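The values are calculated or read from the model by the stated rules, or taken from the named source; none is laboratory data. For clarity, every value in this text was computed on a predicted model and none was experimentally measured. Here Cβ is always computed from backbone atoms with ideal geometry, including for glycine, and neighbour counts include all displayed protein chains. The accessibility values were calculated without ligands, DNA or RNA, using every heavy atom of the protein model including side chains. Shrake-Rupley method; radii C 1.70, N 1.55, O 1.52, S 1.80 Å.
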Amino acid sequence: MLVRATWNEAILAESNQCIVVEGNYYFPAETLVKKHFQSSNWRSHCHWKGTAFYFHIEVDGSLNKNAAWYYPDPLPAATNIKGYVAFWNGVHVMPVEGQSK
């Protein structure tokens, strides 16, 4: 199933190899449209996944701060999402009917 992440009408990522964890779709990092992503200094911690790092998303001059996160060095229970990125804060993530990639 092809899943797409969009914000401000721009496609941020799409893949049929997403991993769903706690209701969030994690996209392989290589599927991101890199021009929309900027590194952030924000960090958070999950007791079973580890420390999350964040990206700001920019589309046509609009900035969505800390709207994507990833675990560069996840704890053992979450190694399956290493190299994957998830979204929140107004980013729309949804399956694309009738398409695969």
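Some notes on this structure:
- If only residues of the range 73-93 that are in contact with a Ser or Thr (Cβ under 8 Å, 6 or more places away or on another chain) and loosely packed, with under 14 Cβ neighbours inside 10 Å are counted, the one that is nearest to ALA13 (Cα to Cα) is HIS92.
- Sole exception among (1) over 15 Å from ALA29 (Cα atoms); (2) in contact (Cβ under 8 Å) with a residue 24 or more places away in the chain; (3) in a strand (DSSP E or B) for ARG43, by number: (2)
- Annotation: of all residues in the range 52-62 being farther than 14 Å from ALA86 by Cβ and not charged (D, E, K, R), the one that is surrounded by the fewest Cβ atoms within 10 Å (Cβ to Cβ) is GLY61.
- Annotation note: of GLN38, GLN17, the sole residue that is over 12 Å from the mean Cα position of the chain (by Cα) and assigned to a strand (DSSP E or B) is GLN38.
- Checking LYS65, LYS49 one by one, the residue that is basic (Lys, Arg), out of contact with any Gly (no Cβ under 8 Å at 6 or more places or on another chain) and open to solvent by less than 90 Å² (accessible area, probe 1.4 Å) is LYS49 and no other.
- Residue match in the range 18-25 (condition: open to solvent by less than 20 Å² (accessible area, probe 1.4 Å) and of a type in the set (Ser, Thr, Tyr)): no
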